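Down below is the structure, laid out as structure tokens.
The values are calculated or read from the model by the stated rules, or taken from the named source; none is laboratory data. Quick caveat: nothing in here was measured; it's all calculated off a predicted structure. No Cβ is skipped: glycine too gets one built from the backbone with ideal geometry, and neighbour counts run over all protein chains shown.
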Amino acid sequence: MFVFDALNDLASLLQSHLNDPWLWLLVFLFAGVDALLPFMPSEATVITLAVLLGPGDLTGLLTLVVVSALGAWTGDCCGHWLGRTFGTRATARLLRKERGRRNYEWATKKLHRHAVVLIIAGRYIPGGRAASALATGTLRYPFGKFALLALIGTTLWSIYAVLIGAAGAATFADDPVAGLVVASAVGLLLTVLIEVGRRLVSRHARQRQQRRELRAVPDGVRRPQHSVSQGGTDGGP
């Protein structure tokens, strides 16, 4: 009960300041800094405000879309600039954990063949937004093209988050806290599903590439390797 009481107090506080400029400034900053510090709750912030605004406040929801999209776009451009200016030094400082480095390596590989998809959709993968922004900068991806794709991506992301929040508010019109909890849970679930899907697709692509490489090896080369693995210079059965 303490958690719900705290959420009620937070919802009441935020609702009383929905028209204050500083609140929109926080939305802009959270959405922007999330490109460099992935632990910032940018999506949760957008969903929360969308729940509190409710589906009836179209002006407020549109303002939320614009402010969060521009904030996220500014953060993406800053990440790209850091990668372009400082290269791998920026990556080493901002992506210190093993997961961050893996995301960066993944983004670098994908950039060569799927740059458009990476820049637009990479933000839906945990840590993918920072990794893709830094990777595009480090590899000198054209800034003009990056900025346009990032603007498309941030706009779609902002609409997605606002729609989740507005749907939660519409479902629980008399209980904004319940709407907030459900909308946040839906957002988290979608993020998990996207990450699981990405892993499955990547695994399938690796297996397909391995099969393709195996078929490219002449039979005369493959057979001796197969007989050795059956057999026994390595002490196997």
>> Looking at Arg123, Arg129, Arg140 in this structure, which one is part of a loop (DSSP other than H, G, I, E, B) and modelled with pLDDT of 80 or more?
In response: Arg140
> Right, Gly60: surrounded by fewer than 23 Cβ atoms within 10 Å (Cβ to Cβ) and without any contact (Cβ under 8 Å) to a residue 24 or more places away in the chain or not?
Replying inline: no
> Among the candidates Leu214, Leu200, which residue alone is out of contact with any Pro (no Cβ under 8 Å at 6 or more places or on another chain), in a helix (DSSP H, G or I) and either modelled with pLDDT of 70 or more or under 15 Å from Leu52 (Cβ atoms) (or both)?
Replying inline: Leu200
>> Within region 1-113, considering only helices (runs of 4 or more DSSP H) that don't extend past its boundaries, which have at least 3 residues that are at pLDDT 85 or above?
In response: 21-33, 42-53, 58-86
> Just a yes or no: is a residue in region 62-73 touching an Asp or Glu at 6+ places or on another chain (Cβ under 8 Å) and within 17 Å of Arg123 (Cα to Cα)?
Replying inline: yes
> Which of the residues belonging to region 26-72 are under 14 Å from Leu163 (Cβ atoms) and among the aliphatic types (A, V, I, L, M)?
Replying inline: Val46, Ile47, Leu49, Ala50, Val51, Leu53, Leu58, Leu61, Leu62, Leu64, Val65, Ala69
>> Can you pull out every residue in region 49-89 that is within 19 Å of Thr154 (Cβ to Cβ) and touching a Pro at 6+ places or on another chain (Cβ under 8 Å)?
In response: Leu61
